Ligand SMILES: [Zn+2]
């Protein structure tokens, strides 16, 4: 049996392991950062939605106040004209117009009251939220109960956390970038060698790694596959000791003698 092929794939696993161990120094920071950023975006959208409602209310309020002002002006001028009315018919016509404007004012005032009522209700909900926060009853707080200032504070706190984590990640990336670049170079070199010499093994390797499995090639440890701890049949030990490999029946990993990893490791130094 040709054992060179398995040596090539062990070397590939060895390089991938080294990259993996350096990447693990990032301690899940990239994932934590993106989760925090999602939280920030969510809270920011809530703030934005409230701001839009407040702006809409303000615009409508201005418009309605404008309407009321105009109507009052008209009424004032109609009343002036009434004092100059030459007959009842003219006077009554002006009365009708005044009546119409008064209805307009009443309608605008109802709408203004509706806005105030809505705003008051929103503030009441926030007050309730504040009380629940004070009592640590967070699970009873609905989205709209969250007080404006608490939302704002949340965004600031989350942004601060993201900044710290990004700084931490960046320093790790800077510290390890040279080694990672070097290892990635070696990895691609090794992959092209394996592609030429042991394409089928490489396909198997890539196929297994495409799942969540990182360690496809593992050592025989205490007569078992060190990937899943399933015992390797005794009649396969000799082959493994001789430098061959065994495909674990339980997890599908490629089990080799640890000596092969030592060889791959010493190749780093050469
Ligand atoms: Zn296994």
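The values are calculated or read from the model by the stated rules, or taken from the named source; none is laboratory data. Only a predicted model underlies this, so the values are computations on that prediction, with no experimental measurement involved. Don't worry about glycine lacking a Cβ; one is built from the backbone with ideal geometry, like all the others, and counts go over all protein chains shown.
Points worth noting:
- Cβ-Cβ distances below 8 Å connect the following pairs, each with a first residue in region 19-43 that is touching a residue at least 40 places away in the same chain (Cβ under 8 Å) and in the same structural domain as residue 142 (by TED's automatic domain parsing), a second residue that is part of a helix (DSSP H, G or I) and surrounded by fewer than 13 Cβ atoms within 10 Å (Cβ to Cβ), and a separation of six or more residues or different chains: 19/184; 22/179.
- Taken over region 202-229, the criterion of being within 18 Å of residue 244 (Cα to Cα), out of contact with any strand residue (DSSP E or B) (no Cβ under 8 Å at 6 or more places or on another chain) and surrounded by 14 or more Cβ atoms within 10 Å (Cβ to Cβ) is satisfied by 202, 215.
- All helices (runs of 4 or more DSSP H) inside region 191-270 with 3 or more residues being touching a residue at least 24 places away in the same chain (Cβ under 8 Å) and away from the ligand (no atom under 16 Å from the Cβ): 258-269
- In summary, residue 269 fulfils each of the numbered conditions (1) under 22 Å from residue 194 (Cα atoms); (2) surrounded by 14 or more Cβ atoms within 10 Å (Cβ to Cβ) with the single exception of condition (2).
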